[in-house]
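Asker: Below is a structure I'd like to ask you about.
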Amino acid sequence: MILAAIIAVGASAVTPLPDQGVYRIQNVYSGTWVKLQHNYLADITATTYDEASPLLVWYGERDENGESLLTNLSGDGGDMIETLEFIKGLIKETLEYNNQPTWFLKEMFQLHLVPTGDADGSVYLCVDVPEIENWEEIRNIILEAAGGQTAVTYYISHMHPGHRHYMGIDYDGSFGYRLEAGTPEGTDIKFLMVREDLTGGYCYVKTALSTAEAPYLRRVHSQTSTVDLASPHGDASAVFNIAVDGIKVNRLAVQGLDLAPLAQAIQGSYLALCPTNTTAGKFVYDAYALKLQLPDEVDADAVLAAAAQALGENSEIYAALSSHSEFIKDRAAIYFVHSNNGGVTVAGDARYADYGDAAKWKLEMIDTQDNYFAPQATVAASGKYYTTFYAAFPCTIVNPSNVKAYTVANVIEDGTPYIEPLESSTIPAGMPVLLEYASQTDADNLLMPVQPSEPSGIAPKEDSNQPKSKLKGTYFDDDTPNEKDNTMLTLQEGLKFAIDTEADYMPANKAWVDNSITTAITAINRDAQADDTIYDLMGRKVVNPTHGIYIQNGKKVVY
């Protein structure tokens, strides 16, 4: 178990080199996997994928041969690149003390990630050692100073100046060196990288900044991208729909805002969710940096034009990009960070680290267990609990025996609605409904967002509502004025509609009745198309009425 082990942990890639991300690494020859023991110890002894250590693999620009230098190789056991830098520093001090040259140390401690060119996508991990005068004298000084330390002793003893050294597997499962020629079967120096894909679907997004008063992101204003809220579990405006290929983001959408088209409109760029380290230095898998990676050549005006088209000129992200156009340059990364006043701003490569946890985001996948979605009831009536609901995504009622969804088919003169149960347990995207709960316990009232067959991430338009429902809804609380023809569905006792005279705008993700539509339809329903269907005062159809007051042909009747 040698210092070479620390180096070789990075031996992983695909041909051509894959995108940076989290991988588990397998040796082609042995079939075993890389396992971290601690900072100074790694081997290739894990026998299964699950036993292998997930590693964050990050590298710089690829050269004309398709290879690159590793800049990050870390896991729960530590950061191997930082460890190598530390050991290199100790060797440098020893050589300087003995008046020996140190220029070659940089290249000796650089890890090259190299595609093999094989169809299996395997890679080499290489260390180049330049020609060094008086190497034997220099080597002996280092070995004497190392005092028998196994890792340094092996590393320095096996160095051959003027050669490229390949990391391979030794007989005991540790890492060892192979020169350009004479590798056993040529396969014990080949490694496969198996990517740890992020899970797509619906989630909440929060900043990793512990001091944030309202850490979750949502979108409730039509002219801004995101704002904060304290708790997301009942708020449709906080539900993000993501699709990720490796670390590349193909969709990151919430209420009509999708960040992915920003990258898609800039040729050669991509949006990425990149695993990060915590401020304590531990590698974590649920904290990510969200960055826009720009191509080799970029035009700032074109990027701003793409941002205006994808996000809107009034969005806070577009404003941040416009204010910091110096971030837009060739091969730069632009990071999205939590701003001081809530919401999102941007930082460039050089400033990213200054933001600490404000530049890191956590994804909480909605799984109905720890991270659930259950809109809160707003009123109690006749022993039940009610709220209206309007979302940009379809969702399924998890407990149909406890939660009922209704559409409003009509409204009679005194404001009492005719309600009809939704035929399916799935509420379509963009369909405003009335939800009825048997209890106020979240666990009883869960809704599960479901992926549509062709998700666009864009909220359906208002006119996509199903015709039979007379409800209307909005995604934003600053988009639809509270006008006299609109009736707020506040659901007073008896399910009467009532006008909220205080609110300037209809609230986000809620429903109301547009009286300019329902009045005309009510008249037709009562006069031209009257039938003998009987409803109770809750608006539900009744087949065998007992003694009491009911609604029939738009009028109250007593049985």
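Asker: In nm, what is the difference between 0.36 nm times the number of residues separating Glu82 and Thr426 and their Cα-Cα distance?
Answerer: Full extension of this stretch gives 118.7 nm more.
Asker: Oh, and also: Given an 8 Å cut-off on Cα distances and at least 6 residues of separation, report the relative contact order of region 266-368 as a percent.
Answerer: Relative contact order for region 266-368 comes out at 27 percent.
Asker: Let me ask something else about it. Accessible area, 1.4 Å probe, largest first: how do Tyr406, Tyr352 sort?
Answerer: Working: Tyr406 15, Tyr352 50 Å².
The ranking, largest first, comes out as Tyr352, Tyr406.
Asker: Now for a separate question. Over region 82-142, what percent of the accessible surface lies on carbon and sulfur atoms, probe 1.4 Å?
Answerer: 44
Asker: Simple spin-label model, 7 Å along Cα-to-Cβ: Asp120 to Glu107 in nm?
Answerer: Modelled inter-label distance: 3.1 nm.
Asker: Considering only protein heavy atoms, with the full assembly of protein chains and a 1.4 angstrom probe, order Ser325, Ser74, Ser439, Ser401 by accessible area, largest first.
Answerer: Ser401, Ser325, Ser439, Ser74
Asker: For the pairs Lys248/Lys404; Lys248/Lys510; Lys384/Lys470; Lys106/Lys206; Lys206/Lys510, note any where the Cα-Cα span goes beyond 30 Å.
Answerer: Over 30 Å Cα-Cα: Lys248/Lys404; Lys248/Lys510; Lys106/Lys206.
Asker: While we're looking at this one, here's another question. To the nearest 0.05, what FRET efficiency results for Tyr171 and Asn98 with a Förster distance of 25 Å applied to their C-beta separation?
Answerer: 0.10
Asker: Grab the Cα-Cα distance for Gln149 and Asn340, subtract it from 0.36 nm times how many residues apart they are, and report the gain in nm with one decimal. Walk me through the intermediate numbers first.
Answerer: Working: separation 191, 0.36 × 191 = 68.76 nm, distance 4.86 nm.
Additional length available on full extension: 63.9 nm.
Asker: Give the carbon-plus-sulfur fraction of the accessible surface of region 236-279 in %, rounded to a whole number; probe 1.4 Å, heavy atoms of protein chains only.
Answerer: C and S fraction of accessible area: 43 percent.
Asker: Taking a probe of 1.4 angstrom, what is the accessible area of Leu252 in Å², to the nearest 10?
Answerer: 20
Asker: What are the residues whose amide H is under 5 Å from the amide H of Val450, where those residues sit 5 or more places off or on another chain and H is modelled from the backbone?
Answerer: Cys395, Thr396
Asker: Through the Karplus equation 6.51 cos²θ - 1.76 cosθ + 1.60, θ set to phi - 60°, convert the phi angles of region 319-336 into ³J(HN,Hα) values in whole Hz; use x for Gly and Pro.
Answerer: My calculation for region 319-336 gives 4, 5, 5, 5, 6, 10, 5, 5, 6, 8, 8, 3, 6, 7, 10, 10, 9, 9 Hz in order.
Asker: Once amide H atoms are placed 1.01 Å from N in the peptide plane, what residues at a sequence separation of 5 or more from Ile534, or on another chain, have their amide H within under 5 Å of its amide H?
Answerer: So Ile534 has HN proximity to Val542.
Asker: Explain nothing, just compute: Karplus ³J(HN,Hα) = 6.51 cos²θ - 1.76 cosθ + 1.60, θ = phi - 60°, for every residue of region 21-34 in order, whole Hz, x for Gly and Pro.
Answerer: x, 9, 9, 10, 10, 10, 7, 5, 5, 8, x, 8, 10, 6
Asker: If amide H atoms are built 1.01 Å from N in the plane of the peptide, which residues on other chains or at least 5 residues away come under 5 Å of the amide H of His163?
Answerer: Residues meeting the criterion, in which the H sits 1.01 Å from N, are Val129.
Asker: Still on this structure: Return the sequence-ordered ³J(HN,Hα) values of region 289-304 in whole Hz as given by the Karplus equation 6.51 cos²θ - 1.76 cosθ + 1.60 applied to θ = phi - 60°, using x for Gly and Pro.
Answerer: Those phi angles translate into 8, 9, 9, 9, 8, 8, x, 4, 10, 9, 10, 4, 4, 5, 5, 5 Hz.
Asker: What is the percent carbon and sulfur in the accessible area of region 304-352, measuring with a 1.4 Å probe over the protein chains and ignoring ligands?
Answerer: Values: 880 of 2190 Å².
It is 40 percent, rounded to a whole number.
Asker: Further question on the same structure: Tell me, what is the per residue accessible area of region 28-130 in Å², probe radius 1.4 Å? Kindly include the intermediate steps, with their values, before the conclusion.
Answerer: On the way: 4710 Å² over 103 residues.
Ligands and nucleic acids excluded, the result is 46 Å² per residue.
Asker: Right, another one. Using 0.36 nm times the number of residues separating Ala438 and Glu133, minus their current alpha carbon distance, what extension gain do you get? Mind dumping the intermediate values first?
Answerer: Numbers: separation 305, 0.36 × 305 = 109.80 nm, distance 8.36 nm.
Using 0.36 nm per residue and subtracting the Cα-Cα distance, I get 101.4 nm.
Asker: What does the accessible area of Arg24 come to, in Å² to the nearest 10, when a probe of 1.4 Å is used?
Answerer: So the heavy atoms of Arg24 present about 30 Å² to solvent.
The values are calculated or read from the model by the stated rules, or taken from the named source; none is laboratory data. Just so you know, these numbers come straight off a predicted model, no measurement behind them. Counting neighbours? That spans all protein chains shown, and the Cβs are built from the backbone with ideal geometry, glycine included. Accessible surface areas use protein heavy atoms only, side chains included; no ligands, DNA or RNA. Shrake-Rupley method; radii C 1.70, N 1.55, O 1.52, S 1.80 Å.
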